[in-house]
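The values are calculated or read from the model by the stated rules, or taken from the named source; none is laboratory data. Note that the structure is predicted; figures quoted are calculated from it, not measured. Virtual Cβ from ideal backbone geometry, glycine too; neighbours counted across all protein chains shown.
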């Protein structure tokens, strides 16, 4: 691609760039000497356990960050509302794509996968991480989720929290003597761009492959909404793609640079597949998530991630037989995938609502209106 922003030289430079505003907040916490452990533990507890952040419990720097950080000036409320309407209609499919397309392509980027393994949580507690990531998507894409003036603006707060968690991880890992500088700065601007494209471009592409036909302004609005989220989470504005085509080209460019087979990416993918099999109720869906991953990412990337090959007797076709849909669908794999996606997506969202974390029910919240539209029940 010809865009100089995404030349090898520039993207290599972006691998040295973090997020100065959030990094300064975390540096201030670590500068507290003997109080650093208490300060970091307090911040992480508040970020993870509270829907809002109790201002009185935070150090001054962190408190100021939450009080002043907001949407970028170029954010368009009408485009955000339209992007959120897309999620309103197709949320279960979006969450399915998050786990069968977006996260796997993140794991395929070998250098970025090193950070995910270092944090440990995707392997030691993949259920918790899946739920937290899905919650972020629900928070930012629900109606009003990015409105600073709305009491429903959980998405803005969630994105701000994740930004500080990233800064904490960046601070700790970059000071680890075992970290290989060849991987770049942990959670750098290029890796954040790649992740953003997996949430926007990959989702839009996946919806299209599942037969969802969006109007041009809806595609533009969905991209804009995720660009706003990316800016809130510390991405440089000038790096954000102007439209879907530019985003698709950027995603392909990053894939060319970084998709490689590595043990870390394969371990993360296995944990994800195991957890999806576990969270989908019953046994009818066993093996189906892996089939979806392979279908979305393609055989080349699926092989890098060691996704099990599709068996001659497909679990997806067995699933479809179970629901009585046979005949022509057996010879039309694409149509079978589209139909089965609706079944699996709602079953998976229901599994998220029933999931447990540390012996307690996970606080996965879907607004009542969305639960009614999507046809999922509160446990």
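Side notes on the structure shown:
- Residue match in the stretch 192-207 (condition: over 23 Å from residue 235 (Cα atoms), touching a residue at least 60 places away in the same chain (Cβ under 8 Å) and assigned to a helix (DSSP H, G or I)): yes
- Some residue of the stretch 156-169 being within 23 Å of residue 266 (Cα to Cα), assigned to a helix (DSSP H, G or I) and in contact with a helix residue (DSSP H, G or I) (Cβ under 8 Å, 6 or more places away or on another chain): yes
- Condition met for residue 118 (in a helix (DSSP H, G or I), at pLDDT below 95 and more than 17 Å from the chain's Cα centre (by Cα)): yes
- When residue 224 is tested against the conditions (1) more than 15 Å from the chain's Cα centre (by Cα); (2) buried (at least 19 other Cβ atoms within 10 Å of the Cβ); (3) free of Cβ contacts under 8 Å to residues at least 60 places away in the same chain, the lone failure is (3).
- From 202, 215, residue being surrounded by fewer than 20 Cβ atoms within 10 Å (Cβ to Cβ) and modelled with pLDDT of 95 or more: 215
- Test: residue 8 is modelled with pLDDT of 80 or more, in contact with a helix residue (DSSP H, G or I) (Cβ under 8 Å, 6 or more places away or on another chain) and over 25 Å from residue 247 (Cα atoms): no
- Selected residue [within 15 Å of residue 200 (Cα to Cα) and touching a residue at least 24 places away in the same chain (Cβ under 8 Å)] from 246, 238: 246
- Within the stretch 5-25, the set of residues being farther than 14 Å from residue 254 by Cα, in a helix (DSSP H, G or I), touching a residue at least 24 places away in the same chain (Cβ under 8 Å) and under 23 Å from the mean Cα position of the chain (by Cα) comprises 21, 22, 23.
- Within the stretch 63-77, the set of residues being without any contact (Cβ under 8 Å) to a residue 40 or more places away in the chain and part of a helix (DSSP H, G or I) comprises 63, 64, 67, 68.
- For the stretch 263-272, a tally of residues being closer than 12 Å to residue 302 by Cα and in contact with a helix residue (DSSP H, G or I) (Cβ under 6 Å, 6 or more places away or on another chain) returns 2.
- Matching option when the condition is modelled with pLDDT under 95 and crowded, with 17+ Cβ neighbours inside 10 Å, among 210, 240: 210
- If you go through the stretch 170-191 and keep only what is in contact (Cβ under 8 Å) with a residue 60 or more places away in the chain, touching a helix residue (DSSP H, G or I) at 6+ places or on another chain (Cβ under 6 Å) and part of a helix (DSSP H, G or I), you end up with 171, 183, 189, 190, 191.
- Residue tally, condition modelled with pLDDT under 75, touching a helix residue (DSSP H, G or I) at 6+ places or on another chain (Cβ under 7 Å) and under 23 Å from residue 275 (Cβ atoms), over the stretch 332-365: 4
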